[in-house]
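Colleague: Before I ask anything, let me first share the structure, which is written out below as structure tokens.
The values are calculated or read from the model by the stated rules, or taken from the named source; none is laboratory data. The model shown is predicted, which means the values in this text are computed figures rather than measured ones. Backbone-built Cβ (ideal geometry, glycine too); neighbour counts: all protein chains shown. Ligands, DNA and RNA are stripped out before the accessible areas are found, and what is left, the full protein with its side chains, is counted by its heavy atoms. Shrake-Rupley method; radii C 1.70, N 1.55, O 1.52, S 1.80 Å.
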Amino acid sequence: KTTLATISACITPISIVMPVVVGPWTARSPWRAWRWAYIPRMIMSLAAVFLIYALPARDADDHEPTHLTLTYYVAVMILLGLFSALSTVQFVAQMSFFSTVSSDAEIGGTYMTMLNTMSNLGSKWTTSAALYLAGSDVVRRLAVPQPPSWMSAPLDPFYTVNWACFVLGIVAMPVIFSIARRIESTPMPMWQVKGASDKE
């Protein structure tokens with residue numbers, strides 16, 4: 001845990017610098033930037049699976065492995081750094097779009113808060129659902145009960161959930177990209193809130 005906390009502190013500057021770097025790009029075409037980061041972020045999820053699979057198992061006394069190499073720590077840092085950069089690109093692109101459509105001075109801040117809240121409601125629950133499924137008995141029973149000869153232990157539900165999410169992300173990608181393009185092509189007046197005086 002201490003090592004992970006140290007690594008997280010080392011990649012914090014990425015989260016600080018990335019908004020400045022990608023800001024002009026996302027301001028011009030926020031949804032194009034969001035789509036650009038989608039596939040690399042999916043690839044990072046697969047890389048995480050292989051990285052965790054390469055992690056040495058606990059010993060007989062259930063102690064954490066102490067013989068991790070420097071190469072492994074560097075790989076973890078690179079993976080977390082890339083994932084942080086891609087996540088920041090998508091977040092900045094999303095907020096750039098929200099700030100564009102909520103530019104009305106009368107309701108701008110409230111509108112932007114509402115859009116961001118709806119976005120969080122639609123995205124944050126998936127993390128909780130994945131973590132719940134990774135530890136559930138249902139997924140554990142669906143995992144490989146008898147591992148093949150090249151596996152030293154039964155497949156952990158973590159891998160089952162991760163692969164399922166990756167496949168779902170690939171299958172849903174055309175639909176997600178289509179929705180993103182439709183949102184991007186929606187005329188700006190359609191996003192404006194019409195008050196009573198506008199309807200008269």
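Colleague: Filter the range 160-200 for residues that are in a helix (DSSP H, G or I) and polar (S, T, N, Q); which is modelled with the lowest pLDDT? Can you show your working first?
Modeller: In the first step, residues of the range 160-200 are kept if they are in a helix (DSSP H, G or I); the result is 160-185, 188-191, 196-199.
Narrowing further to those that are polar (S, T, N, Q): 160, 162, 178, 185, 197.
Working: THR160: 81, ASN162: 85, SER178: 93, SER185: 87, SER197: 48.
Of everything passing the filter in the range 160-200, SER197 is modelled with the lowest pLDDT.
Colleague: Quickly run through the range 113-159 and pick out the residues that are open to solvent by less than 90 Å² (accessible area, probe 1.4 Å), modelled with pLDDT under 80 and of a type in the set (Ser, Thr, Tyr).
Modeller: SER136
Colleague: Right, next: Consider the range 26-39. How many of its residues are surrounded by 15 or more Cβ atoms within 10 Å (Cβ to Cβ) and within 13 Å of the chain's Cα centre (by Cα)?
Modeller: Total meeting the criteria: 4.
The rows are residues; the columns are (1) assigned to a helix (DSSP H, G or I); (2) surrounded by 14 or more Cβ atoms within 10 Å (Cβ to Cβ); (3) modelled with pLDDT of 85 or more.
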{"position": "THR12", "(1), (2), (3)": "yes, no, no"}
{"position": "SER15", "(1), (2), (3)": "yes, yes, no"}
{"position": "VAL20", "(1), (2), (3)": "yes, no, yes"}
{"position": "PHE50", "(1), (2), (3)": "yes, no, yes"}
